[in-house]
Amino acid sequence: MNTDFLKYQAQTSPYPLGMEVSHAVGSYIYDTNSKKYLDFVAGVSACALGHQHPRVNQAIKDQLDKYSHVMVYGEYSQSPAVQYCKLLASLLPATLDKTYLVNSGTEAIEGALKLARRTTGRSQLISCHNAYHGNTMGSMSVMGFEERKQIFRPLIPDVDFITFNNEDDLQKITTKTAGIILETIQGGAGFIQPHNDFLKKVRERCTEVGAMMILDEIQPGFGRTGKLFGFQNYDVVPDIVVMGKGMGGGMPVGAFTASSTIMDLLSHDPKLGHITTFGGHPVIASACLATLQEITETNLMAEAMEKEKLFRTLLVHPLIEEIRGKGLMLAAMTKSADITNEVILKCQDKGLILFWLLFEGCAIRITPPLTISEEEIREGCSIILEVMGEMMIEE
């Protein structure tokens, strides 16, 4: 299968891991040789409830028996999408009450950027150095990593950058700014949290100059940081919140949410200000609804914080300099990219799936399903420590 994978399917890197997947259940993925791998990555934070969660699977099957795609987004009233958006509104601050469902996180970013410009009548967008918001042209334009986007220029104009957690840079948000987009916790940069009330100060500056505050919750969202959304940890409410990954229980989806007053601007002057064929797809929306219900009706969010403590207690080793992040959005930082690469690859050989971050080469991604058990956490951490111990001996 790998031969055909490399020959017929477009690749994103010269050396993909190439595991031949047979099936996946709970916290484990199985290859075609029946070897099982404990999953500490969860599809890069997308499989919030693990693999083949019964509630999500049943919701998908039930909807398939009723209808699948029937019309482009926004024309027909379809129960799964309506129920989902209504439940989401009940769980968010009152000013975030209308949701636009799309197909991926990067598409949601595109919609949010357009909405900021439509709302303010301004063009300037501000992002952060080392930010990652997706890989389509608009999202890439607000990516703060020149090496990854130089070859694709020209991108969309009038985009400027500040440094995350640098309060002095907030003066760059002015009456010319349509919106500033921030990851609530910087992902690709190394799971960097805001400090010293940075997000609140961004909020204050945006309110002062009439700019939109857009928070990218694609990675932190849906319980991963102990709250439904990461921004709820920092006492701030954005004008637009963007989501994806974990919202679909492993299905492809994204969304952006704002106030009804703001969101309704996409429906006129011009009409069809943002359109999508498959956004709000009833099967996907059913998976989203089941996922959101499971996360909010159980103790998974509170448990994420206890599981973070367990990870921090267990992952103590001379090769680990610090553990960054919050909840089950964690990064074990080593002294070098070489060490990180070796740990990730050797752990896979021993049946543990870890992964990299986009821009921070020293980081080992640890973003398991929220449903992972304490026993499984101990099992995985034991493998990490075993590999690191072997590496120390080899030195």
Next on the checklist: Here's a check for you: in the range 292-340, which residue that is within 15 Å of residue 364 (Cα to Cα), among the β-branched types (Val, Ile, Thr) and assigned to a helix (DSSP H, G or I) is most open to solvent (accessible area, probe 1.4 Å)?
Outcome noted: 339
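When the range 279-305 is examined, which residues are found to be among the charged types (D, E, K, R) and in contact (Cβ under 8 Å) with a residue 24 or more places away in the chain?
Within the range 279-305, 294, 303 qualify.
Any residue at all in the range 376-383 that's outside any helix (DSSP H, G or I), more than 20 Å from residue 190 (Cβ to Cβ) and at pLDDT 95 or above? Don't jump to the end; show me each part of the working.
Looking only at the range 376-383, we keep the residues that are outside any helix (DSSP H, G or I), and these are none.
The answer is no, given that none of the residues of the range 376-383 is outside any helix (DSSP H, G or I), more than 20 Å from residue 190 (Cβ to Cβ) and at pLDDT 95 or above.
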Checklist entry - Hey, does the range 258-273 have a residue that's outside any helix (DSSP H, G or I) and open to solvent by less than 10 Å² (accessible area, probe 1.4 Å)? => result yes
Checklist outcome for this item: Reported set for the range 138-189 where residues are part of a loop (DSSP other than H, G, I, E, B), more than 26 Å from residue 331 (Cβ to Cβ) and open to solvent by 10 Å² or more (accessible area, probe 1.4 Å) is 153, 154, 155, 156, 157, 158, 174, 175, 176
Next on the checklist: Can you list residue pairs whose Cβ atoms sit under 6 Å apart, with the first residue in the range 338-366 being more than 15 Å from residue 320 (Cβ to Cβ) and the second being among the hydroxyl-bearing types (Ser, Thr, Tyr)? Count only pairs 6 or more apart in sequence or on different chains.
Outcome noted: 351/37; 353/37; 358/132
Checklist outcome for this item: Over the range 71-84, the set of residues open to solvent by less than 70 Å² (accessible area, probe 1.4 Å) and of a type outside the set (Ser, Thr, Tyr) is 71, 72, 74, 78, 80, 81
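Acidic (Asp, Glu) and touching a strand residue (DSSP E or B) at 6+ places or on another chain (Cβ under 8 Å): is that true of residue 308 in this structure? Show your work before the answer.
Numbers: acidic (Asp, Glu): yes; touching a strand residue (DSSP E or B) at 6+ places or on another chain (Cβ under 8 Å): yes.
Spelling it out, residue 308 is indeed acidic (Asp, Glu) and touching a strand residue (DSSP E or B) at 6+ places or on another chain (Cβ under 8 Å).
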Checklist entry - What pairs come up if the first residue lies in the range 141-163 and is within 21 Å of residue 186 (Cα to Cα), the second is open to solvent by 30 Å² or more (accessible area, probe 1.4 Å) and part of a helix (DSSP H, G or I), and their beta carbons are under 8 Å apart, counting only those six or more places apart or on different chains? => result 160/172; 162/172
Next on the checklist: Any residue at all in the range 234-255 that's at pLDDT 95 or above and within 15 Å of residue 325 (Cα to Cα)?
Outcome noted: yes
Next on the checklist: Only one of 230, 226, 244 is under 22 Å from residue 309 (Cβ atoms) and open to solvent by less than 10 Å² (accessible area, probe 1.4 Å). Can you tell me which?
Outcome noted: 230
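May I ask you to say which residue of 78, 9 is at pLDDT below 95, under 27 Å from residue 102 (Cβ atoms), out of contact with any strand residue (DSSP E or B) (no Cβ under 8 Å at 6 or more places or on another chain) and not small (Gly, Ala, Ser)?
Residue meeting the stated conditions: 9.
Going by the conditions given, is residue 44 closer than 17 Å to residue 355 by Cβ, open to solvent by 30 Å² or more (accessible area, probe 1.4 Å) and in contact (Cβ under 8 Å) with a residue 60 or more places away in the chain? Steps first, answer last, please.
On the way: closer than 17 Å to residue 355 by Cβ: yes; open to solvent by 30 Å² or more (accessible area, probe 1.4 Å): yes; in contact (Cβ under 8 Å) with a residue 60 or more places away in the chain: yes.
Spelling it out, residue 44 is indeed closer than 17 Å to residue 355 by Cβ, open to solvent by 30 Å² or more (accessible area, probe 1.4 Å) and in contact (Cβ under 8 Å) with a residue 60 or more places away in the chain.
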Checklist outcome for this item: Expected output for the range 61-84 (first residue free of Cβ contacts under 8 Å to residues at least 60 places away in the same chain, partner assigned to a loop (DSSP other than H, G, I, E, B), Cβ below 7 Å, 6+ apart or cross-chain) is 76/70
Checklist outcome for this item: Those residues of the range 58-100 that are farther than 23 Å from residue 238 by Cβ and basic (Lys, Arg) come to a total of 2
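Can residue 127 be described as assigned to a strand (DSSP E or B), touching a residue at least 12 places away in the same chain (Cβ under 8 Å), crowded, with 21+ Cβ neighbours inside 10 Å and among the hydroxyl-bearing types (Ser, Thr, Tyr)?
So residue 127 fits the description; yes.
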Next on the checklist: Give me the residue from the range 341-357 that is of a type in the set (Val, Ile, Thr) and in a helix (DSSP H, G or I) and, out of that set, surrounded by the most Cβ atoms within 10 Å (Cβ to Cβ).
Outcome noted: 343
Next on the checklist: All but one of (1) within 14 Å of residue 181 (Cβ to Cβ); (2) not in a loop (DSSP other than H, G, I, E, B) hold for residue 132; state the number of the condition that does not hold.
Outcome noted: (2)
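The values are calculated or read from the model by the stated rules, or taken from the named source; none is laboratory data. Quick caveat, the model's predicted, so the values are computed rather than measured. So basically every Cβ, Gly included, is an ideal-geometry build from the backbone, and we count neighbours across all protein chains shown. Side chains included, ligands, DNA and RNA excluded: accessible areas come from the protein's heavy atoms. Shrake-Rupley method; radii C 1.70, N 1.55, O 1.52, S 1.80 Å.
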